[in-house]
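The values are calculated or read from the model by the stated rules, or taken from the named source; none is laboratory data. Nothing here was measured: the structure is a model prediction, and the numbers come from that model. Quick reminder, even Gly has a Cβ in these numbers, built from the backbone with ideal geometry, and neighbours come from all protein chains shown. These accessible areas exclude ligands, DNA and RNA; they are computed on the full protein's heavy atoms, side chains included. Shrake-Rupley method; radii C 1.70, N 1.55, O 1.52, S 1.80 Å.
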Amino acid sequence: MKALTIRLAKDDILKSKRLYLPFILSATGIIALAYIVNSLANNESLLETYAGSYVSMFLMMGTFIIYFFAIIFFFYTNSFISKKRRSQLGLYNILGLSKIDLVKVVFFETAIVFLIALIFGTALGILLEKLAFLLILRFIDVEVIFGFTINFKVITANAIWFFGIFLALFIYSAITVIRNDPIRLLRSKEVAEKEPKAKWLITLIGIIFMGFGYYLANATSGAMESLAFFFPAVFCVIIGTYLLFTSGSIALLKFLKSRKNYYYKTRHFITISHLIFRMKKNAAGLASICIMATMILVMTASTTSMWFSMESTIERLFPRDMLIEIQGLDESEDERVIKIIDDSLSKIDNSALDMSVFDSGEIYGTIVDDTLEVHDSIYNSSQVFTIIKASDYTYLTDEQLDLGANEIALSTESYTYDHSYLSIKGEDYKIKEVYRGNIAGLPDTNSVNQNGEIVIIMNDADVSKITDMWRNYYFDFKDRLDISNDRFQMFDDLKEAYSDYAMSISNKGEFDQILRGMYASFLFLGIFLGLTFMLSIVLIMYYKQISEGDEDKGRYEIMSKVGLSDKEIRRTIDSQVIFVFFMPLVVAIIHLLGSYKMVNSLLVALSQLPTDTYRYTMIISLVAFIIFYVVVYILTSRTYYKIVTKNA
C-alpha cells in the first residue's frame with residue numbers, strides 16, 4: 001500500500017503540473033531568498049567591516065520578515081491546491097482507499113514538493129549569495145573579499161523553518177481529509193453557493209478605519225510625529241482595505257443591482273451577477289495583492305530615493321571632515337585644543353585644514369503662533385532649533401549682523417514665520433532679520449526637522465538664557481583619516497585634557513561608512529522583500545485565473561447556449577476579469593498617493609533627502625510596477641481563457 005500511495009502522489013503532481021509547478025517554483029524562490037538574506041546577515045567577513053553590524057542587524061530583520069511572510073504565503077497558496085485535489089481524493093476514497101491511505105497520499109505529495117523546493121532553493125541561494133555579497137560590499141565601498149563559503153548553520157535553520165511550515169500544511173490538509181466524507185470531497189466543485197449579503201455595518205467600519213488611517217498619514221506635522229503615527233496609520237489602512245474588499249465591494253455591487261435602470265441591461269446584468277460571487281471568493285486574496293503591491297511601491301520608491309540621494313545627504317550634513325564639540329568650553333581654551341588636534345594628527349602625518357571655531361547650542365520645541373514651546377526631549381518636539389551668537393554668524397558668513405538685547409534673527413531654508421516677535425522661555429524677542437538658506441560653514445545636523453534647518457541667531461549676551469553652548473571645532477583633513485583608529489586616538493587625547501567636560505566627535509568618513517551600510521541594507525531589503533512579494537502576487541494571480549477559469553467554464557457554455565455571441569461573451573468576461581484583477585492595483589495607487597505626505601516627510605527629515613527625490617522615484621517605481629502587473633495579468637489571463645474556451 002505504501003508503494004501505491006507514493007505512486008499516486010507522484011502521479012497527482014505530474015498530472016497537475018499546472019497547479020504544482022508554479023507552487024514549487026515560488027517556494028524555491030522564497031527559500032533561496034531566505035538563505036541569501038540570512039547568510040548575508042551572518043556573514044563573518046561582512047561583520048568585520050566598519051558598517052557590518054548595521055548591515056547585519058537590518059538584514060536579520062529582513063530574514064524574520066521573509067520567514068513570517070512565508071507562513072502566510074504558503075498557507076494561502078496551498079488552499080488553492082487543496083481545493084483542486086479534493087475531488088481526486090474523494091474518487092480514491094470511493095475506489096477503495098481508506099482515509100488513512102488518503103492522508104498518506106497527501107503526506108507524500110507534501111514531502112515531494114518540500115524536498116524539491118528545499119534542495120533547489122538552497123542550491124540557488126548558495127549560488128546567488130556570493131553575488132549578493134559582492135554587490136553589498138560594492139555598495140558600502142569596501143574592498144572585495146574573494147572566496148566561496150557555504151553557511152551550513154543557515155542551511156539548517158532554513159530547513160528547520162520550512163520543514164515546520166510544510167508540516168503544518170500537511171497537518172491542516174490531513175485534518176480536512178479526515179473530517180470530510182468521500183461524496184462531499186468528490187462533489188466539492190458542484191456545491192451550490194448562496195449569494196452573499198451586503199454587510200453595511202462592516203463596510204462602514206472599513207470606511208472609518210481607512211479614513212482614520214489616511215487622516216493620520218496626512219494630518220501629522222514633523223518627523224517625530226509622523227514616525228509615531230506611521231504604524232498606527234498602516235494598521236488602520238490594512239484593516240480598512242480588507243474590510244472594504246470583503247464587504248464594501250459586495251455592498252457596492254448590491255447597490256448597483258438595486259438600481260433597476262442600470263442592472264437590467266444585458267451587459268450589466270451578467271457582469272454584476274457574476275462579480276458578486278467572484279468578490280465573495282476572491283476579496284481576501286485581492287486585498288492581499290493590494291497590500292503587497294502598496295508595500296512593493298513604498299519600499300522600492302523610498303529605498304531607491306535614499307540610496308541615490310546618499311552622496312548629497314553626506315555632503316549636506318558634513319561639508320567638512322571633522323566636527324569636535326565640547327560643552328561649556330571658553331574660547332580662551334581654543335589655542336590648547338587646536339594644539340592637541342594638531343599634535344594628534346601630526347603623529348599620523350596628517351593635519352587640519354580650514355578650521356572654523358564657534359559656539360552653538362540646540363533646543364527642542366514647537367512653534368505655536370508667536371511662541372516657541374520648549375521641550376525637554378526631541379521625541380515630543382516637531383523641530384530642533386540651532387542657537388548661535390551674532391558674532392559667530394558674522395565670523396562664519398563675513399556678513400555683519402548687529403543685534404541688541406532681546407533681538408534675534410532667523411535663518412531657515414523653507415520655514416515661514418509670520419510674526420514680528422518670538423517668545424522663548426517667557427521672554428519676547430524681536431525678529432530683526434530673516435535669512436533664507438543654510439548658513440555656510442554651520443553643520444546641518446538637525447535631520448529631524450520637517451522644514452529643514454532652523455537657526456536662531458541671538459545677541460551674544462542672550463544665548464546663556466536659552467541653552468548651554470558647545471564650542472565647535474570644524475575642519476578638513478589634509479589626508480583621509482583612518483576612521484577605525486585615528487579618530488579614537490584624537491578623542492582620547494582631548495578627553496584626557498578635558499575630562500570634566502562633555503564632548504562629542506563626529507567624522508565624515510565614519511558617517512559615510514555608517515550611512516552606506518544602512519542605506520545598502522535598506523536597498524537590499526527593498527529588493528529582496530520586493531521580489532518575495534512579487535513572487536506571491538504572480539502566484540496568487542495565476543491560481544485565481546485557474547480557479548476562476550474552472551468555475552466560469554460552465555457559465556461560458558450556458559451563455560453560448562442562450563444565444564449570446566462570442567463577442568458579447570468575451571466582452572462580459574473581459575469586464576469581470578479586468579475589474580477583479582485591476583481593482584487591487586487601483587487601490588494600491590490610491591494608498592501610495594495617500595501615504596505620500598507622511599513617507600516623504602520622514603525621508604526628507606530623517607534622511608535629509610531633497611524634497612522632490614521621493615516623488616520622482618515614486619513615479620518611476622509606479623510606472624515600472626504597472627508594466628509588471630499588466631504583463632503578469634496578460635500571461636496569467638491566457639491560462640484563464642484557454643480553460644474557459646476549451647471545447648466551448
- line: The condition of being of a type in the set (A, V, I, L, M, F, W, C), modelled with pLDDT under 80 and open to solvent by less than 10 Å² (accessible area, probe 1.4 Å) holds, among V577, V562, only for V577
task: Name every residue in the range 284-299 that is touching a Leu at 6+ places or on another chain (Cβ under 9 Å) and surrounded by fewer than 22 Cβ atoms within 10 Å (Cβ to Cβ), in order of residue number.
output: M295, V298, M299
task: Out of the residues in the range 300-329 that are in contact with a Pro (Cβ under 8 Å, 6 or more places away or on another chain) and closer than 30 Å to L622 by Cβ, state the one that is surrounded by the most Cβ atoms within 10 Å (Cβ to Cβ).
output: S309
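Among the residues of the range 415-428 satisfying the criterion of being among the aromatic types (F, W, Y) and either under 26 Å from V357 (Cβ atoms) or surrounded by fewer than 16 Cβ atoms within 10 Å (Cβ to Cβ) (or both), which is modelled with the highest pLDDT?
In the first step, residues of the range 415-428 are kept if they are among the aromatic types (F, W, Y); the result is 415, 417, 421.
Retained after the next criterion (residues that are either under 26 Å from V357 (Cβ atoms) or surrounded by fewer than 16 Cβ atoms within 10 Å (Cβ to Cβ) (or both)): 417, 421.
On the way: Y417: 77, Y421: 89.
Among those residues, the one meeting the criterion is Y421.
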statement: Selection over the range 210-236 where residues are of a type in the set (A, V, I, L, M, F, W, C) and surrounded by fewer than 20 Cβ atoms within 10 Å (Cβ to Cβ) yields a count of 8
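Check whether at least one residue in the range 5-23 is hydrophobic (A, V, I, L, M, F, W, C), without any contact (Cβ under 8 Å) to a residue 24 or more places away in the chain and within 26 Å of F170 (Cβ to Cβ), and report yes or no.
yes
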field: Tally of residues being in a loop (DSSP other than H, G, I, E, B) and touching a helix residue (DSSP H, G or I) at 6+ places or on another chain (Cβ under 6 Å) across the range 496-534
entry: 0
- request: Consider G90 carefully, then state whether it is among the small types (G, A, S), modelled with pLDDT under 85 and not in a helix (DSSP H, G or I).
  value: no
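Let's see how each residue does on (1) modelled with pLDDT of 80 or more; (2) out of contact with any helix residue (DSSP H, G or I) (no Cβ under 7 Å at 6 or more places or on another chain):
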| site | (1), (2) |
| --- | --- |
| L25 | yes, yes |
| G29 | yes, no |
| L33 | yes, no |
| L40 | yes, no |
| E44 | no, yes |
| L47 | no, no |
| M57 | yes, yes |
| T63 | yes, no |
| I66 | yes, no |
- request: Please find, among L33, L14, L59, the residue that is outside any loop (DSSP other than H, G, I, E, B) and open to solvent by less than 10 Å² (accessible area, probe 1.4 Å).
  value: L59
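For the structure I just gave you, tell me whether S344 is modelled with pLDDT under 80 and in contact with an Asp or Glu (Cβ under 7 Å, 6 or more places away or on another chain).
Details: modelled with pLDDT under 80: no; in contact with an Asp or Glu (Cβ under 7 Å, 6 or more places away or on another chain): yes.
When the stated conditions are applied, S344 does not pass them.
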query: Among I207, I239, which is the only one that is open to solvent by less than 70 Å² (accessible area, probe 1.4 Å), at pLDDT 70 or above, closer than 21 Å to A588 by Cβ and of a type in the set (A, V, I, L, M)?
result: I239
field: Matching option when the condition is modelled with pLDDT of 90 or more and touching a Ser or Thr at 6+ places or on another chain (Cβ under 7 Å), among E325, E335
entry: E325
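Kindly provide the set of residues from the range 127-141 that are open to solvent by 30 Å² or more (accessible area, probe 1.4 Å) and part of a helix (DSSP H, G or I), ordered by number.
Correct list: L127, L128, K130, L131, L134, L135, R138, F139.
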task: Sort out which residues of the range 244-259 are open to solvent by 40 Å² or more (accessible area, probe 1.4 Å) and in contact (Cβ under 8 Å) with a residue 24 or more places away in the chain, and write them in order of number.
output: L244, T246, K254, F255
